[in-house]
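Enquirer: I'd like to ask some things about the structure below.
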Amino acid sequence: MSISSGTSLRRQIMLLVAALAVPLLALQGWWSYRDFRGAREAAEEDALAFADATALGVTQFFRTAEAMMHASADMAALDPEDPDGCLRQMWQAVAHHPFLRDAIAVTGDGAVLCSATGNLDRGPRPTEWTWWDELVITRQFTFGNPVRAPVTNEWILPLAAPALDEEGRIEGAVVGTVALVELSELFGGVTIPEDHLATVATAERVVVARSQEAETRVGTTLPELSEWDELVAPGRWVAAGPDFNGIPRTWGQVEIDPGWVIYVGVPDANVYGPAKAESLRNVAATLLVLLIGVALAGGSYARIARTLEELAERTKTLASGETVQLPFNTPDEVRAVVTEFNRALEDRHRAEASERRTRERLQSLFDNAVVGLYLSTPDGRFLQVNRALVDMLGFESAEALVKVGPSSLYHRPELRETMVARALEAGAVPVGEVEWVRADGTLIAVRLSGSLMTGPDGTPIMEMIAQDITAERRTQEQLRHTQKMDAIGQLAGGIAHDFNNLLTVIGGNVELLEDELSETDRLREDLHQISKATARATSLTGRLLSFSRRERDPGQVVDVTAVIPELEKLLVPLLGESISLRTEIQPGPLTISVDVGDLEQALVNLVLNARDAMPSGGTLTISAERYTFVDSETKEEEDGVRIGVTDTGVGIDPQVRDRIFEPFFTTKPMGHGTGLGLSTVYGVVQRSGGRLLTESEVGKGTQMCLWFPLADEGSLSVDDPEHDPGPVGTERILVVEDDDLVRRFVSRALDQAGYRTVPASSGLEAADRLRVSDEPFDLVLTDVVMSGLSGPELAARLPLLAPGTPVLFMSGYLDGSVLSSALRDYPESLIRKPFTSAQLRRRVRESIDRARATSIPH
């Protein structure tokens, strides 16, 4: 069984036992300390009590000795002439006071008169005693320090009382000696236990009396009590230290009046022995309790541990969804824990099942998403990719894509580094569009978006969505190109409209002048050059107008198989000898709806561009065939005719490919091209509802394909015979034109043809003339775009102003946004600027005749 240290049940029980044992032992220690301190304090009190009792006896001894010595001194006969009387008195003093060893009578000058023992000549003279001067000065009872007796060599204590005369002068003294050994009897009045030691010592710590071993210890100096010495009251101390025999004792000390000190010592064995025994008994009891607790805790631990081990073994073999079965005799606490564990385990099983279902749904969404999804790390590793991403990039398997990694997909790898750096700095992945390289090397446009999350190990993970927007970007580019071409077309149409007004005036007036001059007039040649310049300008504005038309122009139904052979005769001289022209035309009628002139102009422009792309010669092929066009977005199919112009020239630079259809854009040197060739082709195709397809490879050549919807063969155009350009009538015509020069030319050209014209400079003026005119008009000839009231708006009022009056429109615009739906439905009601006087007269005549043929004359 492996139990982790720090969290195991065994360790917890040990800590619990220790937590109980430490306070118990600490409490036991405190109790022991309290018992020892109490024993010491009791011993100190006991010692001081015996010291006080001993001090009382010693004090009583001194008082008795003082009274005795004074009585002896008062009765002493200090007459040198009566030595016997002196001796008797000394004997009497010794007899009445048995503790005296000797009684000595001394004169005032210090001479010894007599001694009870007869020792007169031994020892120092009284005047040599240290205490003699004190006796003389104080004339009071006094005593000296212990000294050794001269004869017996025992320690004695000298006592002295002065003998005074009637006037209080000292006459002498009575000196007594007390054997210190005899002073031990002073303890007889005090019951001192045998184990206690009482000692009386002088201030110099000389032993005067002792309750034990007095014979050997009296007169010796006491050892120092070095352990501690505590003053409990003035003249009272407690101390600790050994006695002469080294026995440690607790001492009580009391100082008495002579400066002596009473020492009473209690053996430490008697002081601390009972406390130590009690402490040992308590410690033993505490340890016994702890051992019993440890045994009980160990038994509980063993029971719980066995249960937990069995639970652990059963838990290891749990299957998904199962719970732990309780062992036999499981403690209630463990049973409650296991019950809660089983409840939590069931909740976890349910949560895991829910999480597993959620994860499976998310994985299914991830795998089956139609857009590319992947997880990657900032350092360039794929963690997971879905099938859509694998298919989008053209890899064989997800493993192959994961092995490549995200960094190698970028056409410009530095873009990924920048994106990752910004994402880590901002905490979010910015949306961006980049170019990726597919497995086959082709480039695709991809829009990236996603979020930044934290992985299990704390490292950032990028959750990314990759959308292939190649088709979307191509569509956007086509839309931008179309919008740009529309804007340029509107600009070109406006310029051409104004320019056509000028060309109409110039060309028409030149024609009128030519009609008035004779055939030999030299001015006719100058006018002919002006006419040629006007025709060239008219061709230029025609190209601009052709480019500006965006709506489908029904034109006329023509057969391409008939147009190309006729055009081939014109093209051969233009190509030169170094270029070979071939035609590949599918048999059968290939009918399309287009203006034949526009078609020929478009093909000529393409052939000329192909010729210029082959300066060293080559092969130019014109092909025509039926072709079904499939829309890339709607997938709708439409039958049509594809006309191709293919060369083997230098090809088109990819950098300028998107601009080749812009008006005035050219790659040719200055003076060698107008930049309107391909823009005219683009306008013709768009106006006819067709498509313009370009394929080119630098160094190999270019193919331009014009695709037109297939038209009904039964609608093929048949040329009408031309009308007589002479005067055609005398009808009354209302000429409405806001350009003064155009209005004058039109009026003059019609007037010369015999018509009667009434000019009007605006639509509002024309409406007023129609309203007030007494004579009806046979035709209203009006410009389309005018301020105030336009031509179509004026035509809309004709049923009220002049019912049945036909209208013929003039305009340099061909944009459907300018012309009304009526003009698009009836193109015969429109004459386009610039026009000649003959063309104007013919159209005016046709309009009047057509109106008379379809209406009742007014």
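The values are calculated or read from the model by the stated rules, or taken from the named source; none is laboratory data. This one's a predicted model, so the numbers in the text were calculated from it and none came from an experiment. For neighbour counting, all protein chains shown are included, and Cβ atoms are generated from backbone atoms with ideal geometry for every residue, glycine included. With ligands, DNA and RNA removed, areas are computed over all heavy atoms of the protein, side chains included. Shrake-Rupley method; radii C 1.70, N 1.55, O 1.52, S 1.80 Å.
Enquirer: Within the group Leu393, Leu424, Leu479, Leu401, which residue is in contact with a Leu (Cβ under 8 Å, 6 or more places away or on another chain) and farther than 23 Å from Leu362 by Cβ?
Expert: Exactly one of Leu393, Leu424, Leu479, Leu401 is in contact with a Leu (Cβ under 8 Å, 6 or more places away or on another chain) and farther than 23 Å from Leu362 by Cβ, namely Leu424.
Enquirer: Here is a further query. List pairs: first in region 129-141 and in contact (Cβ under 8 Å) with a residue 40 or more places away in the chain, second among the aliphatic types (A, V, I, L, M) and buried (at least 16 other Cβ atoms within 10 Å of the Cβ), Cβ under 7 Å, 6+ apart or cross-chain?
Expert: Phe141/Met69; Phe141/Ala161
Enquirer: Follow-up. Can you list residue pairs whose Cβ atoms sit under 7 Å apart, with the first residue in region 728-739 being open to solvent by less than 40 Å² (accessible area, probe 1.4 Å) and the second being polar (S, T, N, Q)? Count only pairs 6 or more apart in sequence or on different chains.
Expert: Cβ pairs passing all conditions: Ile733/Thr757; Val735/Ser747; Val735/Thr757; Val736/Thr782.
Enquirer: Please work out which residue is surrounded by the most Cβ atoms within 10 Å (Cβ to Cβ), limiting yourself to region 20-62 and to residues that are closer than 30 Å to Leu180 by Cα and aromatic (Phe, Trp, Tyr).
Expert: Phe50
Enquirer: Before we move on, is Val594 within 14 Å of Cys705 (Cα to Cα), open to solvent by less than 20 Å² (accessible area, probe 1.4 Å) and either of a type outside the set (A, V, I, L, M) or touching a helix residue (DSSP H, G or I) at 6+ places or on another chain (Cβ under 8 Å) (or both)?
Expert: Criteria not met by Val594.
Enquirer: Just need a number here: residues in region 365-375 that are outside any loop (DSSP other than H, G, I, E, B), closer than 18 Å to Arg438 by Cβ and either free of Cβ contacts under 8 Å to residues at least 60 places away in the same chain or not aromatic (Phe, Trp, Tyr) (or both).
Expert: The total comes to 2.
Enquirer: Residue check: is Ala67 open to solvent by 50 Å² or more (accessible area, probe 1.4 Å), at pLDDT 75 or above, under 60 Å from the mean Cα position of the chain (by Cα) and among the small types (Gly, Ala, Ser)?
Expert: Criteria not met by Ala67.
Enquirer: Oh, and also: In region 270-293, which residues are hydrophobic (A, V, I, L, M, F, W, C), under 17 Å from Val22 (Cβ atoms) and buried (at least 16 other Cβ atoms within 10 Å of the Cβ)?
Expert: Val283, Leu290
Enquirer: Residues Val402, Val434, Val420: which one is touching a Pro at 6+ places or on another chain (Cβ under 7 Å) and closer than 25 Å to Thr459 by Cβ?
Expert: Of Val402, Val434, Val420, the one residue that is touching a Pro at 6+ places or on another chain (Cβ under 7 Å) and closer than 25 Å to Thr459 by Cβ is Val420.
Enquirer: Sort out which residues of region 385-427 are part of a loop (DSSP other than H, G, I, E, B) and basic (Lys, Arg), and write them in order of number.
Expert: Arg412
Enquirer: Considering only region 439-481, state which residues are in contact with a Gly (Cβ under 7 Å, 6 or more places away or on another chain), open to solvent by 60 Å² or more (accessible area, probe 1.4 Å) and in a loop (DSSP other than H, G, I, E, B).
Expert: Asp440
Enquirer: Tell me, yes or no, whether region 589-612 has at least one residue that is within 25 Å of Glu638 (Cα to Cα) and among the basic types (Lys, Arg).
Expert: So far as region 589-612 goes, no, none of its residues is within 25 Å of Glu638 (Cα to Cα) and among the basic types (Lys, Arg).
Enquirer: Tell me which of these Arg842 doesn't satisfy, since it passes every other one: (1) open to solvent by 50 Å² or more (accessible area, probe 1.4 Å); (2) part of a helix (DSSP H, G or I); (3) at pLDDT below 85.
Expert: (3)
Enquirer: Specify the residue that is farthest from Glu731 (Cα to Cα); the eligible residues are those in region 766-794 that are free of Cβ contacts under 8 Å to residues at least 40 places away in the same chain, of a type in the set (Gly, Ala, Ser) and out of contact with any strand residue (DSSP E or B) (no Cβ under 7 Å at 6 or more places or on another chain).
Expert: My answer is Gly788.
Enquirer: May I pose another question? Of the numbered conditions (1) more than 19 Å from Asp595 (Cβ to Cβ); (2) modelled with pLDDT of 80 or more; (3) not basic (Lys, Arg), Ala562 fails exactly one; give the number of that condition.
Expert: (1)
Enquirer: Another one. Give region 223-248 a look and list any residue that's open to solvent by less than 50 Å² (accessible area, probe 1.4 Å) and under 15 Å from Thr54 (Cβ atoms), or say none.
Expert: Gly235 - this is the single residue of region 223-248 that is open to solvent by less than 50 Å² (accessible area, probe 1.4 Å) and under 15 Å from Thr54 (Cβ atoms).
Enquirer: Count, please, the residues in region 779-794 that happen to be assigned to a loop (DSSP other than H, G, I, E, B) and open to solvent by 30 Å² or more (accessible area, probe 1.4 Å).
Expert: 3
Enquirer: Let me ask something additional. Somewhere in region 656-663, is a residue surrounded by fewer than 17 Cβ atoms within 10 Å (Cβ to Cβ), at pLDDT 70 or above, under 60 Å from the mean Cα position of the chain (by Cα) and under 22 Å from Ala496 (Cβ atoms)?
Expert: yes
Enquirer: Let me ask something else about it. So, in region 754-773, exactly how many residues are within 20 Å of Ile848 (Cα to Cα), open to solvent by 60 Å² or more (accessible area, probe 1.4 Å) and not in a strand (DSSP E or B)?
Expert: 1
Enquirer: Just the residues that are β-branched (Val, Ile, Thr) and closer than 20 Å to Arg63 by Cα, please, taken from region 150-169.
Expert: Pass one, region 150-169, residues β-branched (Val, Ile, Thr): 151-152, 156.
Matches in region 150-169: Ile156 only.
Enquirer: Check region 249-260 and report whether any residue there is out of contact with any Lys or Arg (no Cβ under 8 Å at 6 or more places or on another chain), open to solvent by 60 Å² or more (accessible area, probe 1.4 Å) and either within 30 Å of Ile156 (Cα to Cα) or not in a helix (DSSP H, G or I) (or both).
Expert: There is at least one residue in region 249-260 that is out of contact with any Lys or Arg (no Cβ under 8 Å at 6 or more places or on another chain), open to solvent by 60 Å² or more (accessible area, probe 1.4 Å) and either within 30 Å of Ile156 (Cα to Cα) or not in a helix (DSSP H, G or I) (or both).
Enquirer: What are the residue pairs meeting all of these: first residue in region 243-259, first residue under 18 Å from Glu204 (Cβ atoms), second residue among the hydroxyl-bearing types (Ser, Thr, Tyr) and assigned to a strand (DSSP E or B), Cβ atoms under 6 Å, and 6 or more apart or on different chains?
Expert: Close Cβ pairs satisfying both conditions: Trp251/Tyr263; Gln253/Tyr263.
Enquirer: Still on this model: Which of the residues that make up region 349-395 are basic (Lys, Arg) and under 31 Å from the mean Cα position of the chain (by Cα)? Break it down stepwise before answering.
Expert: Initial filter on region 349-395 (basic (Lys, Arg)): 350, 356-357, 359, 361, 381, 387.
If the condition is that a residue be basic (Lys, Arg) and under 31 Å from the mean Cα position of the chain (by Cα), then Arg356, Arg357, Arg359, Arg361, Arg381 are the ones that fit.
Enquirer: Tell me which residues, restricted to region 428-437, are outside any strand (DSSP E or B) and open to solvent by 60 Å² or more (accessible area, probe 1.4 Å).
Expert: Val431
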